[in-house]
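Read the structure below first, then the notes.
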Amino acid sequence: MLLLASTLSLAAFPERVSITAMEDYAGQPVVSSALVEAAWRTVTRDLAVGIANKPVTPGNTPGINGFYVGFHSSATIIYKGYGCDPADPEPGPWCLATEDENPIPVVVTPGMMLRKGLPGSTEIGGQFGWVAMTQTGYLGGYGKIAFLEGHRNSPDLAMQVGYTGYIGNDEVEIGVLDFSGTIGYDLPFGRMVGVNESHFTPFASLGLYRIHAAARSNLADPGLDGSVSELTGFGASDPRFDKSYVPFQFGGGFRLSGEVFSFTLTGGYALETSPTVNIGLGFNY
């Protein structure tokens, strides 16, 4: 954590993903439209995964009277394309898309998460927060139904659909629709199970993201402007459709919970993007 804090402090604040920043690198104009197009695709997909609903809830719901509020933070590890070395002939995607050409290797998205149980083994939830070291944030929600939950002889099974939007950036628009299925099993433990018990709940999730990305401003160089195009994972017949904006995603982890407190640790990966590590601490009511 100390190393991450030191790394974050090296980046200029506030930072953000910028379309106009792609016009130049190390004080020289960028003349390769292919380079700009590759940067746009990589950065928007990585950022979409960073803000999307993650596999951070188990296969069961809070119950009809249950409510959860917690602090959650995700770290999207940019393992390729973030470095900036003036000696390199070409900059990495994240280097090209940041204004100070000094991106960090981790996109951290701290925020709040809410869950509310409803009748029929269903729940609704929401998340909102900040893309750390930037002027931008995210806002989203989801609905979930558990087909099986609370049976000692079978796992919990649930399906979820949600949507998250990127907010606060006047140059970039991103939205992420998520579909996922979750399987888990709740293991109570403690001195008196059923009275003062705690729970260990491992779970795993599989699903899809559908990402939409569009520019809210144009590049000044007409030769590069067409490289920053509107791309979507919605509707295969749409001329803007790009199958790389429909990444398969999987993840898993565990939750430790008591009568009041809950701790969650999970990881996830969406194909052709970047892996995430997610941590949460909250209160059960």
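The values are calculated or read from the model by the stated rules, or taken from the named source; none is laboratory data. Please read these numbers as outputs of a predicted model, since none were measured by experiment. Ideal geometry is used to build each Cβ from the backbone, glycine not excepted, and the neighbour counts take in all protein chains shown. These accessible areas exclude ligands, DNA and RNA; they are computed on the full protein's heavy atoms, side chains included. Shrake-Rupley method; radii C 1.70, N 1.55, O 1.52, S 1.80 Å.
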- line: CD proxy, 222 nm, the chain: helix-only mean residue ellipticity via -39,500 (n - 2.57) per DSSP H run with n ≥ 4, per residue, nearest 500, stands at -3500 deg cm²/dmol
query: Candidates (i) 0.96; (ii) 1.01; (iii) 1.08; which is the computed Cα Rg over 2.2 N^0.38 Å?
result: (iii)
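Per residue, what accessible area does the chain have, given a 1.4 Å probe and all protein chains present, in Å²? Intermediate results must be reported in sequence, preceding the final value.
Working: 13090 Å² over 285 residues.
Ligands and nucleic acids excluded, the figure is 46 Å² per residue.
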- request: Go through region 157-165 residue by residue and turn each phi into a ³J(HN,Hα) via Karplus (6.51, -1.76, 1.60, θ = phi - 60°); whole Hz please, and just put x for glycine and proline.
  value: 10, 8, 10, 9, 9, x, 8, 9, x
Relative contact order %, region 69-220, counting alpha carbon pairs below 8 Å whose residues are six or more apart: 14
- line: Taking alpha-carbon centroids only, region 59-73 lies from region 205-261 a number of Å equal to 26
message: For a test of understanding, tell me how many lysine pairs in the chain have Cα atoms under 25 Å apart, given they are 8 or more places apart or on different chains.
response: 6
query: Hey, can you rank 148-157, 255-264, 225-234 by average C-beta count inside 10 Å, highest first?
result: 225-234, 255-264, 148-157
- line: In degrees, nearest 10, the alpha-carbon axis of helix 33-51 is tilted away from the dominant principal axis of the alpha carbons of the chain by 20
field: Sequence of CYS95, CYS84 from largest to smallest accessible area, 1.4 Å probe
entry: CYS84, CYS95
statement: Subtracting the Cα-Cα distance of VAL69 and ASP85 from 0.36 nm times their residue separation yields 1.5 nm
statement: Given unit charges at Cβ for Lys, Arg (+) and Asp, Glu (-), the dipole magnitude of region 59-187 about its Cα centre in debye, nearest 20, is 880
- prompt: With contacts defined as alpha carbon pairs under 8 Å and 6 or more residues apart, what's the relative contact order of the chain in percent?
  reply: 21
